[in-house]
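S.K.: Just dropping this structure here.
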Amino acid sequence: MIRLEFFHRINADLMATRPFDYPYSMPGLKACKAAEFQGGHAAHWDMFDRVQRAHLTECLNIADFEVLRQCAADVGLDEEVTKECPSAHPRVPCYPSGKGGF
């Protein structure tokens, strides 16, 4: 059973007004994995929740590196590490020096 409060988190009307194509999930998933490398499972899920809010409620382009970098900063991840990888493209692996950038 899906809880009613879940539907209040999804802002489809706002997403329809955005000038970008509906974003694909791989960059956000890579950002979550990068967060895990930095701070373990708790950091992964903090980043996951932040990316979901950015996507579903704030209707931001989660395929954009700058949006993901801001999400990382919002959950307290090391911005210097996230800056090390300029691409959020899913085909560009970027875990520089094992530090977990995305």
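The values are calculated or read from the model by the stated rules, or taken from the named source; none is laboratory data. Note that the structure is predicted; figures quoted are calculated from it, not measured. No Cβ is skipped: glycine too gets one built from the backbone with ideal geometry, and neighbour counts run over all protein chains shown.
S.K.: Could you say which residue among 46, 74, 64 is buried (at least 19 other Cβ atoms within 10 Å of the Cβ), under 23 Å from residue 15 (Cα atoms) and in contact with a helix residue (DSSP H, G or I) (Cβ under 9 Å, 6 or more places away or on another chain)?
M.R.: Just a single option satisfies the conditions, and that option is 46.
S.K.: Consider only pairs whose beta carbons are under 7 Å apart and that are at least six residues apart or on different chains; among these, list those whose first residue lies in segment 63-83 and is under 15 Å from residue 42 (Cβ atoms) and whose second residue is surrounded by fewer than 16 Cβ atoms within 10 Å (Cβ to Cβ) and at pLDDT below 80.
M.R.: 72/79
Rundown of residues vs (1) in contact (Cβ under 8 Å) with a residue 40 or more places away in the chain; (2) among the small types (Gly, Ala, Ser), yes/no style:
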{"residue": "11", "(1), (2)": "yes, no"}
{"residue": "23", "(1), (2)": "yes, no"}
{"residue": "26", "(1), (2)": "yes, no"}
{"residue": "40", "(1), (2)": "no, yes"}
{"residue": "45", "(1), (2)": "no, no"}
{"residue": "50", "(1), (2)": "no, no"}
{"residue": "53", "(1), (2)": "yes, no"}
{"residue": "59", "(1), (2)": "yes, no"}
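S.K.: Looking at residue 58, is it touching a His at 6+ places or on another chain (Cβ under 6 Å) and not aromatic (Phe, Trp, Tyr)?
M.R.: No, not satisfied.
S.K.: Name the residue that is surrounded by the most Cβ atoms within 10 Å (Cβ to Cβ), counting only residues in segment 1-28 that are among the aliphatic types (A, V, I, L, M) and modelled with pLDDT of 80 or more.
M.R.: So, considering only residues that are among the aliphatic types (A, V, I, L, M) and modelled with pLDDT of 80 or more, the one surrounded by the most Cβ atoms within 10 Å (Cβ to Cβ) is 15.
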